[in-house]
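FYI, it's all coordinate maths here, none of it is from the lab. Bear in mind that the values here come from a model prediction, so they are computed numbers and not experimental data. Cβ sites come from the backbone with ideal geometry, for glycine too, and all protein chains shown count toward neighbours.
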Amino acid sequence: MYEILKSAHSGWRYLVIILLLVAFISALMGYVGKKPYTEGNRKLNVFTLISSHIQLLLGLAIYFMHDWYKGDSSVAIQRYWKMEHISMMLIAIVLITVGNARSKRGTTALAKHKTIAIFFGLALLLIVGAIFAMVKVDPSRHFFGM
């Protein structure tokens, strides 16, 4: 079961990153170009939110099944998986969630695009930073693979 969840988590990350990148770019272009906030924008943001929450659930299942929370914090790779990875990813998903919720309350299309661009952009930066940190502590891994 652990291997299935790990494979699902590893594969699902591409969907999350692609959706997050597309939603961020769409919001940035909407903000800069003063474009209307469409139903397509809303759906893209919701799909990004849902995919990130699914990734979170898969990650939490792996985290507790593998007992990463029991890792030795003095060992860099164990500290990364025990604290750094989960913290950065939780914060990124909170940013996605808050950004999506706040965009719903925006009164203008410009405000909605700006909110999504800021929150999703910060989440994207955090996720990319987490990937770089993983590569740093475990040189056997590369940027987008195992």
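The count of lysine pairs in the chain that are at least 8 places apart or cross chains, and whose C-alpha atoms lie under 30 Å apart, stands at 20. Average 1/r across all pairs of distinct alpha carbons in region 2-137, invert it, and you get the Kirkwood radius: 15.6 Å. Only the Cβ atoms of Lys and Arg (+1) and of Asp and Glu (-1) were treated as charged; on that basis the dipole of the chain about its Cα centre amounts to roughly 660 debye.
Put simply, when 101-108, 48-55, 30-37 are sorted by average Cβ atoms within 10 angstrom per residue, most first, you get 48-55, 30-37, 101-108.
Mean separation of Cα pairs under 8 Å and 6 or more residues apart, divided by the residue count, gives region 2-137 a relative contact order of 33 percent.
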